[in-house]
Amino acid sequence: MVRYFNTEGVCNPEEHYMVPLVDRLEKIKSLYVDRKKYFVINRGRQYGKTTTLRALAEYLKNEYIVIFMDFQEADSGDFQNESAFAAAFAQMFLEVSADMGMGRGEEMLQPLADFAAEFKAAGLRELFQRLSNLCKKSPRPVVLIIDEVDSAGNNRVFIEFLSLLRRYYLNRDKRPTFHSVILAGVYDIKNLKLKLRSEMEHQYNSPWNIAAKFNLDMCFSANQIETMLSGYEDDHQTGMDVKGIAGEIYQYTSGYPYLVSAVCKILDEELPEKKGFEDIVRGWTREGIIEAVRILLNENIPLFDSMVKQLELYPELRDVITQILYEGREISFNSGAKPVSLGVMFGFLKEKDGYVAVANRIFEMYLLSLFMSEEAIQSDIFKKGSETHY
């Protein structure tokens, strides 16, 4: 199978050119999972979270029983009330177990299967009792991974679920529970309050303050990009300066996973159709990267759409970015400032030399172009309005 650069979903090293994840997986295992940590991987959209989690589940499977759930598979009815959520969770748990080759007839899964079939009179407490019993009987420690927790972030029953996870974590010396729990999404657990409906806010009370801080950088370094490009060069023999091209791509992307793959995909698939870049050797050059970035900035991609949406939802974040890009202001970095915290959480901002900076050069170029276009449109509207008035 001919590999390619993937920007449409989970990456697979057998099918796609990608940065090797072994070092990252080993760090997550040794620093967090082996130490029984409960933690959150929250990063911006298309940051490679799901690809990393799926690779981690595979990496851990010889030492742990890994239950990998995706809350995007749940529907709104699953969060309607406590019983519905408990039953849906149990059912999803059983389905994942079956995918791992663990049949429902196994002794440790049977109580959970019975629970899923008789959920109407039960709730979260009963669910956790069954899960605790399962963890007690399991031949290996059980690791729970839940991807896309944002899908449940504005639901009261999910907050209660987090509270029970916390309670069992604090009492795990007395009651068996999950060895490690990993939640993943854009929003950090402490920021779930931003998604709660107003009538629910009073129920938010640090439901998961036992979570360990996840410090691993999930951006790609220039050396990691070089490793990925080396695999491409082995297959295509372009004659590119692999190290130099990797460094150039890093200068534009700062290693943001989607942007790295997107630039490479354009260089590989779209640029050969452009005049002056018909020869693949000409594409993998500094000039080729400049053209690929120009093409990317003019495309309607979900990442840019998400960025615009978040700026509309959080005008204070937009104001900070405007001050940095438009006015050239230097704003001291303080993660306690809400706009800064939001920008970092969404992957739009970062700390640089003690000041707030836009996360990468491509974001700078896109946002500056966006603000200039909007200002020009507003200016034209004002001008036409004035002419009509007079």
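The values are calculated or read from the model by the stated rules, or taken from the named source; none is laboratory data. Note that the structure is a prediction, hence the values are computed from the model and not measured. Quick reminder, even Gly has a Cβ in these numbers, built from the backbone with ideal geometry, and neighbours come from all protein chains shown. These accessible areas exclude ligands, DNA and RNA; they are computed on the full protein's heavy atoms, side chains included. Shrake-Rupley method; radii C 1.70, N 1.55, O 1.52, S 1.80 Å.
His236 contributes an accessible area of around 70 Å² to the protein surface, as traced by a 1.4 Å probe with all chains present. Our helix-only sum for the chain, with -39,500 (n - 2.57) per DSSP H run of n ≥ 4 divided by its residues, gives a mean residue ellipticity at 222 nm of -15000 deg cm²/dmol.
Sorted by accessible area (1.4 Å probe), largest first, how do Lys29, Lys274 line up? If you can, show how the numbers build up before the last one.
Details: Lys29 20, Lys274 80 Å².
So, going from the largest accessible area down, we get Lys274, Lys29.
Comparing Ala87, Ala212, Ala262 in a Gaussian network model of the chain (Cα springs below 10 Å), the most mobile by mean-square fluctuation is Ala212.
Only helices reaching 27 angstrom along their own axis (Cα) with mean Kyte-Doolittle hydropathy no lower than -1.0 count here, and for the DSSP H runs of the chain these are 361-389.
Listed options for Rg and Dmax of the Cα atoms in Å are (i) 23.9, 83; (ii) 21.3, 66; (iii) 24.8, 100. The value calculated from this structure is the one marked (i).
Tell me, in nm to one decimal, what length is gained between Leu297 and Asn62 on full extension, where the rule is 0.36 nm per residue of separation less the Cα-Cα distance? All intermediate terms of the calculation are to be shown ahead of the outcome.
On the way: separation 235, 0.36 × 235 = 84.60 nm, distance 4.32 nm.
Net length gain for the segment: 80.3 nm.
If R0 is taken as 22 Å, the Cβ-Cβ distance between Glu316 and Leu216 corresponds to a FRET efficiency of 0.20. Loop-located trypsin sites (Lys or Arg not before Pro) in the stretch 120-184 (DSSP state not H, G, I, E or B) with no more than 13 neighbouring Cβ atoms inside 10 Å: Lys174.
For the stretch 275-356, rounded, prolate or oblate, judged on the Cα gyration tensor with a ≥ b ≥ c (square roots of eigenvalues), a/c < 1.5 rounded, else prolate if a/b > b/c? Cα axes put the stretch 275-356 in the prolate bin.
Take each of the peptides 339-347, 64-72, 4-12, average the number of other beta-carbon atoms within 10 Å over its residues, and list them starting from the highest. Could you put the intermediate results ahead of the total?
On the way: 339-347: 21.6, 64-72: 19.9, 4-12: 15.9.
Descending mean neighbour count gives 339-347, 64-72, 4-12.
Beyond 21 Å in Cα-Cα separation lie the following of the pairs Lys243/Lys352; Lys61/Lys137; Lys49/Lys352; Lys29/Lys350; Lys243/Lys275: Lys243/Lys352; Lys49/Lys352; Lys29/Lys350; Lys243/Lys275.
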